[in-house]
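J.: Next up is a structure, given as structure tokens.
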Amino acid sequence: MPVQITQLHHVNIHTTNVERLVDWYTRVLDMPAGDRPAFPFPGAWLYMGDQAVIHLVGVKELPEHKGMLKLEHFAFNATGIKDFLARLEREGVPYDGRKVQGVEGVQINIHDPDGNHIHVDFYGEETRGVTFREVDPSAMNRR
């Protein structure tokens, strides 16, 4: 049987402040910390349902980045766009909403306190009537 990748399992993020990111992901994305093996370093696993989708690793300092990062963003599909936008407003989280030409749905782009770029994508009926600027994918900035 040929190999077939079936799912992205998790994203691993190094941070100098595990507690701050746990708080932010819990409040903003409703991803609470849960069970994690007893690794010999600080960290937390953040859950979406019963799946640990973000693994935080505590480090003393982050390496200096020169140029473009290799991982520009990670994304989640979601439902409940109106509630999500209200939560972002309530939490004071800046966001950039857009509709990409040729792609159904709406992208809500946010950054966590460490500057990691996340977009949360909404599709279907709930996005009808939601107005954001339309972006031509051929003109999108590659940093």
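J.: If I stretch the segment between residue 79 and residue 61 completely, what's the gain in nm (0.36 nm per residue apart, minus their alpha carbon distance), one decimal?
T.: Details: separation 18, 0.36 × 18 = 6.48 nm, distance 3.55 nm.
Once the chain is fully extended between residue 79 and residue 61, it gains 2.9 nm.
J.: In whole percent, what relative contact order does the chain give with Cα contacts below 8 Å and a gap of six or more residues? Numbers along the way, then the final one.
T.: Working: 205 pairs, mean separation 29.0, N = 143.
With pairs under 8 Å counted, the relative contact order is 20 percent.
J.: Please identify, among 111, 65, 73, the residue showing maximal mean-square fluctuation in a Gaussian network model of the chain using a 10 angstrom Cα cutoff.
T.: 65
J.: I've got another one for you. What do you get when you divide the Cα radius of gyration of the chain by 2.2 N^0.38 Å, with N the number of residues?
T.: Values: Rg = 16.7 Å, N = 143, 2.2 N^0.38 = 14.5 Å.
Expressed relative to 2.2 N^0.38 Å, the Cα Rg reads 1.15.
J.: Quick check: from the Cα gyration tensor, does region 1-70 come out rounded (a/c under 1.5), prolate or oblate?
T.: Here region 1-70 falls in the oblate category.
Each reported figure results from applying straightforward, stated rules to the coordinates on display, with no laboratory input. Bear in mind that the values here come from a model prediction, so they are computed numbers and not experimental data.
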